[in-house]
Structure formats: structure tokens, C-alpha cells
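Heads up: the structure comes next, in C-alpha cells.
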Amino acid sequence: MHYQEVSDFLQRYPNVQTIELLLPDLNGVLRGKRIEIDLLEKVYQQGFCLPASVMSLNSSGASVEKAGLGLAQGDRDYLCRPIPGTLAIVPWVDHQTRAQVLCTMYDDDGELLPLVPRNVLLKAVERFQGLGYQVGIALELEFYLVDTQRTENGALQPPVSPVSGQRMNATQVYAMQDLADHDAFIAAVLNAAREQGIPADAVIAEYAPGQFEVNLNYGDDIVAAADHALLLKRVITSVAKQLGMHATFMAKPYLDEAGNGLHMHLSLMDSKGQNIFAPDTAEACATDNRFMQQAVAGLIDMADSCQALWSPTINSFKRLAPGSFAPTSKTWGYDNRSVALRIPSGSRNATRIEHRMAGADANPYLATAALLAGVYVGLTQALQVPTPVIGDAYKQEHPRVADNQRDALRKMQSDNRISEWFGEAFVELYATVKWDDVRLFEQHISALEYELLLPYV
């Protein structure tokens with residue numbers, strides 16, 4: 001099965017000695033094994049084993065026993081197999097001696113295990129395809145480059161430019177100089193992405209010192225788009241490390257600077273290849289299109305229930321601050337970056353929804369599945385949309401999104417539509433692990449508590 005893929009790959013890369021078998025977990029962290037090249041054919045034939053408890057790991061990497069996947073079932077193994085078409089070279093390892101392949105996990109009946117986020121997305125895609133539309137999708141990721149050295153106070157700081165020798169300390173959005181200062185890093189990222197078949201096409205300087213955004217090309221394969229986003233994060237962090245820096249997709253690494261988002265662009269084409277979100281006439285606005293309105297209405301209607309998936313950590317909610325270019329309200333508008341759902345300007349054929357609610361720390365599979373669920377609900381129920389926002393949404397009164405993980409988890413668990421789309425077992429697993437994270441972070445005594453409370457209370 002798919003042996004030709006392996007044979008062709010090894011002919012192209014004869015120096016490969018080891019293969020990394022990658023299994024994305026609940027948090028989008030890549031788990032797995034590294035094997036010698038001699039075992040690759042056996043893995044493709046027979047698969048390999050990992051414990052299902054890797055799907056119940058909290059932010060510290062510990063298995064959450066309440067999830068029932070650990071010692072409660074003997075921490076037993078499940079079969080994993082490589083995903084066809086994902087075998088790729090690891091460009092940042094010298095002499096092309098290492099490769100990688102994405103894998104997924106199966107249950108005892110040989111079916112895709114429904115607790116694996118990628119498998120959740122596959123099921124969501126299958127249901128969404130029942131609408132009969134062809135999808136156009138593209139993901140954008142924001143991230144920070146960070147110096148490996150902390151400040152005297154132990155805080156993060158932007159890297160020193162390898163060109164000027166100066167530390168980046170100003171917000172220069174779209175600045176070409178910032179790109180030039182890190183040209184070696186950007187070139188290495190784009191080259192590595194190209195070698196791995198990841199369609200990254202542009203990098204821009206973003207709203208804070210050391211912050212960048214990388215764009216993935218538009219495509220019609222939803223699961224591949226999420227694969228590419230996940231693997232691109234690995235490329236970026238690996239290349240940064242190779243060049244003596246750190247890269248982080250943490251939603252809010254600096255409290256006083258813009259956060260990192262995962263922006264998802266979606267359009268739908270009918271059987272004739274026509275974009276159903278496009279304005280009815282050249283003079284009309286996309287916000288007047290009824291399909292666009294229904295899709296947006298569904299995303300707004302499910303925003304509360306999906307917030308825990310788009311903002312998966314305690315830190316995620318620090319990103320949702322007024323004036324930060326991250327949405328704090330359930331809003332939409334034309335070419336407006338203060339709202340949650342932006343309808344970008346451009347040609348009629350390129351009309352799309354830009355979903356801006358997810359943080360860059362979100363699992364791309366789960367974030368995308370939630371996007372599909374909202375659009376599906378809106379279109380199938382012909383929901384009514386609120387008036388699009390004109391101007392600064394931060395200075396207006398609109399329904400708010402949850403501003404903390406506790407409320408977001410409760411809203412997710414109380415909406416039966418989430419269970420329908422993600423499966424009851426998965427929702428229970430996700431909630432159990434994330435509630436464990438809440439306790440993990442809330443039971444930590446911060447330095448600020450010692451500073452302000454210890455001497456006085």
C-alpha cells in the first residue's frame with residue numbers, strides 16, 4: 001500500500017537515514033517516534049503503536065488520568081499508520097539524512113479513532129461536503145521571533161537584527177526593512193516549506209517588534225490546509241532555532257503588544273464554479289449577499305460555543321484585548337480589522353470570509369472544523385445576521401465573546417451542536433483536558449502575587 005510513494009521518495013533522497021513518525025495531539029503538538037530507514041517499509045505495511053493517552057496530555061505534557069485514556073485502560077497502545085502524501089524531507093537537518101511523515105490513529109475495528117483532532121476534521125469535512133459546494137480555503141499564521149536571551153528581569157525580548165546589529169524595538173507594520181533584516185530566516189522558512197510541499201507564499205512584518213505573518217496559498221483541500229498550517233509551525237520554529245532564535249505562536253507573548261492570530265479565509269463555489277459569496281452585481285457590496293449573510297450569521301451564532309476551540313489556553317484570552325486587532329465582540333464588516341469576521345475587499349471572484357477569532361495557539365484541525373460547523377449551521381438554517389459594523393468596533397457596543405477559559409468551556413459543553421460536529425467522546429476528552437489546564441494555571445502563584453500581597457495581607 002503506497003509503496004510507490006516510499007520508493008519514489010527514497011530515490012529522490014538516497015541519504016535519508018531516519019524517519020520521524022508525527023502524530024498531532026489535542027494541542028497541535030507533534031508526538032511520535034523516530035525510526036531507522038530500514039523500518040519504514042514495515043511501518044507502511046503494518047503500522048506502529050502509540051498509547052491513546054497521547055491525546056489526553058495537558059499543557060505540561062502530562063496525561064490527564066480523568067480522561068480515561070491512561071492507566072484506566074492500562075495505558076494501552078493503538079495502531080497508527082502514515083498518511084499517504086505526507087512523506088517529506090526535513091530540510092533543516094544536514095545532508096538530507098532525515099525525513100518525516102504525518103500519521104493518524106485507529107481504533108480496534110480499524111476505523112479512524114474519533115479522539116484524534118485530524119480525524120475530527122475529516123468527519124466535519126465529510127458532513128460539510130453534503131452542501132454540495134467546493135471550498136476555497138487559506139490559513140494565515142502570526143508569530144514572534146524572540147531572542148534566546150531574556151532581559152535582566154527575565155522577560156522576553158525581540159531578537160537582534162543580524163544585519164544592523166540593533167534590537168527590534170518599534171512597531172513597523174509592513175516594514176520592508178524588518179524583512180530585510182531577517183532575510184536569511186525568511187528565505188530559509190520559504191525554502192524549507194517548498195521542499196516539504198507546504199504552499200507558503202508570503203511573509204510580512206506585523207504590528208509589533210519581531211512579529212511576522214506567513215500566508216499559505218488558497219486551496220480546495222480543507223484537511224491539507226490544516227496539515228500545512230501545523231507543519232509550517234514546525235518549519236518556522238525549527239529554522240528559527242537553527243539560526244539562534246526562538247519562534248513562538250503563543251497567543252499573547254507580550255502583554256503590551258499585539259497577539260498572534262490564526263486567520264482563516266473561506267469561500268464557496270457552486271457546481272458552475274461561481275463564488276456564492278460574491279456580490280450579485282459589480283456595484284453591490286459583499287455584505288448584501290444572502291449566502292454571505294447566512295454563513296456569517298452561523299459563525300456568530302456558534303461563536304460562544306466554539307471559543308474554547310479557537311482560544312485553547314489561559315493565555316489565549318489575553319490576546320482578546322480592545323484595540324489589539326484581535327476581536328472582542330461577535331461582529332462582522334467589510335474590510336474592517338476591528339471585527340471578528342472581516343469581508344476583505346478585492347475582486348468579486350475573491351470574495352471570502354476572513355475569520356479572525358482563533359489564536360495562533362489553536363489546533364488548526366479543530367479551529368477549521370469549528371469554522372465549517374458555523375458556516376454549515378448558518379446556511380442550512382438561513383440564520384439572520386446582525387448589521388455589519390462600520391468604524392471601530394472596539395468603541396461600539398456589541399455582544400462580547402467570552403473573555404476567560406472557564407466561560408468558554410462551559411458554553412462549549414452546553415451546546416449540543418458541538419457534540420454533533422465533534423462527537424460526544426471528543427468533546428468530553430477536550431473539556432476534561434482543558435479543565436485540567438485551568439486548574440494547572442490557576443493553582444500557580446505568580447511573582448506579582450508575592451510582590452503585592454505577601455508584605456501586606
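A few remarks follow.
- Cα-centred dipole magnitude for the chain, charges only on beta-carbon of K, R (+1) and D, E (-1), debye, nearest 20: 220 debye
- Set of lysines with alpha-carbon distance to Lys411 below 26 Å, sequence-local pairs under 8 removed: Lys66, Lys123, Lys252, Lys318, Lys330, Lys395, Lys434
- Between Tyr106 and Asp335, the simple label model (points 7 Å from Cα in the Cβ direction) yields a spacing of 5.2 nm.
- Note, ³J(HN,Hα) from phi for segment 292-301, Karplus 6.51, -1.76, 1.60, rounded to Hz, x at Gly and Pro: 4, 4, 5, 4, 5, 4, x, 5, 5, 5
- Here the chain has 49 percent of its accessible surface on carbon and sulfur atoms, given a 1.4 Å probe and all protein chains in place.
- Separation between Cα centres of segment 1-54 and segment 313-385, rounded to whole Å: 35 Å
- Within the chain, the proportion of C-alpha pairs whose separation exceeds 40 Å stands at 19%.
- Heavy-atom SASA rank of Asp25, Asp436 (probe 1.4 Å, accessible area, largest first): Asp436, Asp25
- Contact order normalised by residue count of the chain, Cα under 8 Å, 6+ apart, percent: 15 percent
- Positive-pole candidate from Ala321, Ala138, Cys49, dipole of the chain, charges at beta carbon: Ala321
- Rounded to whole numbers, the Karplus 3J(HN,Hα) couplings from phi for segment 343-350 are 9, x, 6, x, 5, 4, 5, 8 Hz, using 6.51 cos²θ - 1.76 cosθ + 1.60 with θ = phi - 60°, and x at Gly and Pro.
- Asp403-Glu41 pseudo-label distance in nm [points 7 Å out on the Cα-to-Cβ vector]: 6.2 nm
- Calculated accessible area for segment 200-329 comes out at 34 Å² per residue, all protein chains present (probe 1.4 Å; ligands, DNA, RNA ignored).
- Net charge, Asn349 excluded, C-beta distance under 15 Å - Lys, Arg +1, Asp, Glu -1: 0
- Environment charge of Leu87, counting only residues whose C-beta is closer than 11 Å and scoring Lys/Arg +1, Asp/Glu -1: -2
- Around the amide H of Leu50, modelled in the peptide plane, lie the amide H atoms of Tyr78, Cys80, all under 5 Å away and 5 or more residues distant in sequence or on another chain.
- Per-residue HN-Hα couplings for segment 235-247 [Karplus 6.51, -1.76, 1.60; θ = phi - 60°; Hz; x = Gly/Pro]: 4, 5, 5, 6, 5, 4, 4, 4, 9, x, 10, 10, 10
- Extension gain for Arg12 to Ala350 (0.36 nm times residue separation, less C-alpha to C-alpha distance): 118.0 nm.
- Contact order relative to length of segment 1-117, as percent, for alpha carbon pairs under 8 angstrom and 6 or more apart: 29 percent
- Nitroxide proxy distance, nm - points 7 Å out along Cα→Cβ at Asp256 and Asp201: 3.8 nm
- In the chain, helical runs assigned H by DSSP with n ≥ 4 each contribute -39500 (n - 2.57); averaged across all residues and rounded to the nearest 500, the mean residue ellipticity at 222 nm is -10000 deg cm²/dmol.
- A cut-off of 5 Å between modelled amide H atoms, ignoring neighbours fewer than 5 places along the same chain, links Arg31 with Leu23, Asp25.
- Computed magnitude of the charge dipole of segment 309-440 (debye, nearest 20; Cβ of K, R +1, Cβ of D, E -1): 340 debye
The values are calculated or read from the model by the stated rules, or taken from the named source; none is laboratory data. Please read all numbers here as calculations on a predicted model, not as lab measurements. Note: ideal-geometry Cβ built from the backbone for every residue, glycine included; neighbour counts use all protein chains shown. Heavy atoms of the whole protein, side chains included, go into the accessibility calculation; ligands, DNA and RNA do not. Shrake-Rupley method; radii C 1.70, N 1.55, O 1.52, S 1.80 Å.
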